[in-house]
Amino acid sequence: SNIAKCYNHIGSIYEQQGDNDNALNYFQQALGANKPTEPEKNPATAAIYGNLGSIYRRKRDYPNALQYTQKALDIFKEILPENDSRIATCYNNIGATYRRKRDYDNALNYFQEALGANKKTEAEKNSASAAIYKNIGLIHRDKGDYDNALDYLLKALDIEKRIRPGKHRSVQEIYRNIVLVYSDKGDDDNALSYLQKTLSITKKSQTEKNSATGTRDGTGPVF
């Protein structure tokens with residue numbers, strides 16, 4: 001219903017602001033408003049379940065996070081074509097919840113499911129696939145498998161560099177994670193090399209930001 005959509009939209013705004021309690025409240029109202037007007041298994045209901053799962057994960061309520069995200073996944077798998085990106089997103093979100101729980105084996109399984117589902121979409125080499133590769137790399141680092149960690153992080157970096165500017169924060173984040181893995185391996189030369197790359201693009205990003213918005217001393221363009 002339109003009322004449910006409004007509640008859901010307000011919840012999303014609160015989520016972006018980091019106000020998890022208000023976000024949860026509005027997502028719950030969206031679910032309540034949607035249920036009387038829509039069949040149980042429809043994309044709108046599944047989306048609200050997914051949003052509830054994300055908020056519960058942010059609040060570290062992992063049982064509810066898993067429960068609601070799994071509900072979203074079950075509905076999406078039943079009513080959507082297998083190449084719909086929302087299926088991969090649900091798998092990825094469940095994997096992220098298991099990683100928060102430090103259940104690395106289940107996290108890895110769901111991230112791999114997310115990767116498989118994403119490969120069925122029309123845009124395999126996109127930001128979503130880069131995020132999944134990064135997540136798999138981080139899980140391998142968590143498990144102490146540094147070679148596989150680097151393999152997946154470098155795949156993520158390759159995709160991100162092709163679809164985003166080099167100074168984008170997603171690119172910077174992957175560089176930083178590669179530095180950490182090389183450091184874990186005791187490979188100081190490669191750690192230093194990637195740290196220098198990270199520093200270089202961070203400086204470029206900050207320079208452009210200051211040029212566009214003014215530096216901290218209050219100077220900037222006069223309009």
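Is it the case, given these coordinates, that Tyr56 is touching a Lys or Arg at 6+ places or on another chain (Cβ under 6 Å), closer than 17 Å to Ala96 by Cβ, buried (at least 16 other Cβ atoms within 10 Å of the Cβ) and assigned by the TED database to the domain that holds Glu78?
Values: touching a Lys or Arg at 6+ places or on another chain (Cβ under 6 Å): no; closer than 17 Å to Ala96 by Cβ: yes; buried (at least 16 other Cβ atoms within 10 Å of the Cβ): yes; assigned by the TED database to the domain that holds Glu78: yes.
So Tyr56 fails the test.
Scanning the stretch 143-164 for residues that are in a loop (DSSP other than H, G, I, E, B) and at pLDDT below 90 yields one hit, Arg164.
Tell me whether the stretch 72-91 contains one or more residues that are within 29 Å of Ser1 (Cβ to Cβ), outside any helix (DSSP H, G or I) and either hydrophobic (A, V, I, L, M, F, W, C) or touching a His at 6+ places or on another chain (Cβ under 9 Å) (or both). The answer is yes, given that some residue of the stretch 72-91 is within 29 Å of Ser1 (Cβ to Cβ), outside any helix (DSSP H, G or I) and either hydrophobic (A, V, I, L, M, F, W, C) or touching a His at 6+ places or on another chain (Cβ under 9 Å) (or both).
If I filter the stretch 109-116 for residues that are at pLDDT below 95, in contact with an Asp or Glu (Cβ under 8 Å, 6 or more places away or on another chain) and surrounded by fewer than 18 Cβ atoms within 10 Å (Cβ to Cβ), do I get at least one hit? No: zero hits. Could you go through the stretch 16-32 and let me know if any residue there is crowded, with 19+ Cβ neighbours inside 10 Å and among the charged types (D, E, K, R). No, there is no match, as no residue in the stretch 16-32 is crowded, with 19+ Cβ neighbours inside 10 Å and among the charged types (D, E, K, R).
One residue stands out among those in the stretch 117-142 that are part of a helix (DSSP H, G or I) and surrounded by fewer than 18 Cβ atoms within 10 Å (Cβ to Cβ): the one that is modelled with the highest pLDDT, which is Asp142. Here are some conditions: (1) farther than 21 Å from Arg102 by Cα; (2) crowded, with 18+ Cβ neighbours inside 10 Å; (3) in the same structural domain as Cys90 (by the TED database). Tyr175 meets all but one. Which one does it not meet? That leaves (3) as the condition not met.
The values are calculated or read from the model by the stated rules, or taken from the named source; none is laboratory data. This one's a predicted model, so the numbers in the text were calculated from it and none came from an experiment. Methodologically, a virtual Cβ is constructed for each residue, glycine included, from the backbone with ideal geometry; neighbour enumeration extends over all protein chains shown.
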